[in-house]
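Below: the structure, in structure tokens.
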Amino acid sequence: MRITALRATPVAVPYRTDEVWAFGRRAGLVSVLLEMETDEGVTGLGEAAAYPSADVVLSVLRGLEPLVVGADPLRVEALIQRIDVVGTWHHVGHSSPAIAAVETACWDILGKVSGQPLVNLFGGRFRDRVEYFHYVAAASPEGVRDEGRRAAEAGARVCYLKIGADELATDIDRVAALREGAGPEMGVRVDPNEAWSPGAALRALRALREYDLELVEQPVSGRNLPEMAYVRGRSDVPLLANEASWTRADQLAVLQHGAADAISVDHQMDGGLLNMKRSAGMCAAAGLPVVKHSLGELGVALAAGLHVIAATPNFRCANQAYGALLTDDVVIGAFGGPAANYRDGCLEVPDGPGLGVTLDADKVARYAELYRSGAAEYTFHDPEALRTAPALPKR
């Protein structure tokens, strides 16, 4: 079997409410869908988050074509080594989501050819359902309180809230409102996205301690691991590394510095599903749980990560997905993005061969046109944030 073509389609899917973080907002997400064609008529699916933009992803995919077209998609390790070593793409970063999409498509083909769901190829089911948190968009305290109630009524066990506002009082009000709305049993995870200096982080953690936070994600710069370790050593609120832990090399450094209580991993940020499985194994050896991170993904990439999580023991915490925000998805059937497809915050592992998902051609066409006509609305290039000239850290 040989790869004959890569077909990439950027799509934009709206949110039901804006995603807001410490430095901007977006009204939906952009992903690049990949269809890998072969000379035997088997097509593999992949997906790349538009990080840092769809144009970059599409450019990387064009650059990968000479290395990929003509290769055997069943020899996944050999193909990725060709990309990394011969093509010199091993310095993962902005190129990583596109490489991950290629690798995912190969795994989808391998699963289809062997008649096995991907979870079986990554070690078999350790769990039948995978838990995800309920994404609560930053809003007024009243809006956050209402979303917390919505999450509890849907059966979610963990809520995730973006914080890192200009004033600590704003963050405190939002977290208090979430706790009130979601109830005392709900896990509450917050993410300042590196908005704080170490001193500001400790002050914030002390102020938020009464709300029984499950995890605080990346409170300080991910590029200063001694300061992360400093904060961790002076607070009993568990820290989750994210911007500090996008690749296996980054994760090793976090472990060496003792800078986090849990590690965020993401196949799109580190070149593929095999590397995410390796990340989890490395963290397991250090005695730490891992959490699946998402840059914003639709049903194809969601399914890919789901299979690996289901086969890997130390994904013990609720993982990141966008079902609570998305209005729609691009895959056929109940599996995919909208929150209605989750049961008690969990998704069932697909049991079809490969990824177990199929693209909905009509929806792909609809959201490809939406990308062509209005992609700017679905990026983080928030005009208000641009006018305020934000900088890291905020305080």
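The values are calculated or read from the model by the stated rules, or taken from the named source; none is laboratory data. The model shown is predicted, which means the values in this text are computed figures rather than measured ones. Cβ placement follows ideal geometry from the backbone for every residue including glycine, while neighbour counts extend to all protein chains displayed.
Residue check, VAL136 against (1) touching a Leu at 6+ places or on another chain (Cβ under 7 Å); (2) at pLDDT 95 or above, all met but one. Which one?
Of (1) touching a Leu at 6+ places or on another chain (Cβ under 7 Å); (2) at pLDDT 95 or above, only one is false for VAL136: (2).
Of the numbered conditions (1) touching a Pro at 6+ places or on another chain (Cβ under 9 Å); (2) within 30 Å of GLY233 (Cβ to Cβ); (3) part of a helix (DSSP H, G or I), ASN314 fails exactly one; give the number of that condition.
(3)
Could you list all residues from the range 272-317 that are out of contact with any strand residue (DSSP E or B) (no Cβ under 7 Å at 6 or more places or on another chain) and of a type in the set (S, T, N, Q)? Give the derivation first.
In the first step, residues of the range 272-317 are kept if they are out of contact with any strand residue (DSSP E or B) (no Cβ under 7 Å at 6 or more places or on another chain); the result is 272-275, 277-278, 281-282, 284-287, 294, 302-304, 308, 311-313, 316.
ASN275, SER294, THR312 - these are the residues of the range 272-317 that are out of contact with any strand residue (DSSP E or B) (no Cβ under 7 Å at 6 or more places or on another chain) and of a type in the set (S, T, N, Q).
Condition (residue is in a loop (DSSP other than H, G, I, E, B), more than 22 Å from THR104 (Cβ to Cβ) and among the small types (Gly, Ala, Ser)) applied to the range 21-32: is it met by at least one residue?
Yes, the range 21-32 contains at least one residue that is in a loop (DSSP other than H, G, I, E, B), more than 22 Å from THR104 (Cβ to Cβ) and among the small types (Gly, Ala, Ser).
Give the range 21-57 a look and list any residue that's charged (D, E, K, R), touching a helix residue (DSSP H, G or I) at 6+ places or on another chain (Cβ under 6 Å) and within 30 Å of VAL113 (Cβ to Cβ), or say none.
Listed by number, the list holds a single entry, GLU47.
Going by the structure shown, is GLU210 buried (at least 22 other Cβ atoms within 10 Å of the Cβ) and among the acidic types (Asp, Glu)?
no
So, ALA22, is that one of a type outside the set (S, T, N, Q), in contact (Cβ under 8 Å) with a residue 60 or more places away in the chain and either within 14 Å of PHE380 (Cβ to Cβ) or touching a Lys or Arg at 6+ places or on another chain (Cβ under 6 Å) (or both) or not?
In short, yes.
Could you pull out the residue among LEU370, LEU295 that is at pLDDT 95 or above and either surrounded by fewer than 24 Cβ atoms within 10 Å (Cβ to Cβ) or not basic (Lys, Arg) (or both)?
LEU370 is the lone residue from the list that is at pLDDT 95 or above and either surrounded by fewer than 24 Cβ atoms within 10 Å (Cβ to Cβ) or not basic (Lys, Arg) (or both).
Out of all the residues in the range 101-122, which are within 22 Å of the chain's Cα centre (by Cα) and not in a helix (DSSP H, G or I)?
PRO117, PHE122
When GLU185 is evaluated against the numbered criteria (1) touching an Asp or Glu at 6+ places or on another chain (Cβ under 9 Å); (2) on the phi < 0 side of the Ramachandran plot, which criterion, by number, is the only one it fails?
All conditions are met except number (1).
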